[in-house]
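The values are calculated or read from the model by the stated rules, or taken from the named source; none is laboratory data. Remember, it's a predicted structure, so these values are computed and weren't measured experimentally. As a convention, Cβ positions derive from the backbone with ideal geometry for all residues, glycine included, and neighbour counts pool all protein chains shown. The protein model used for the area step is the full one, side chains on, heavy atoms only, and it has no ligands, DNA or RNA in it. Shrake-Rupley method; radii C 1.70, N 1.55, O 1.52, S 1.80 Å.
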Amino acid sequence: MNWAQGVKAVLGAFIGVRQGDAARQDQSLKPWQLIVTALLLMLALIVALLLLVSWVTR
């Protein structure tokens, strides 16, 4: 799996804008690769939000 392709697929799914050729290319990705990428990106988002809240409330 190309890391960038997996990240683009997951981020596109998060905001719902993947379509056309990009969506067809996403079908070549294995489900476990997408799940791992999604979990890592979700964890990064949570950590970023916690750091932002911590910074704002100081």
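For this structure, a couple of remarks:
- Rounded to 10°, Cα long-axis angle of helix 31-56 versus longest principal axis of the chain: 20
- With all protein chains modelled, accessible area of Leu51 [1.4 Å, Å²]: 110
- Local electrostatic count at Val10 - Lys and Arg +1, Asp and Glu -1, tallied over other residues with Cβ under 10 Å: +1
- The chain - convex hull of alpha carbons, volume per residue in Å³: 74
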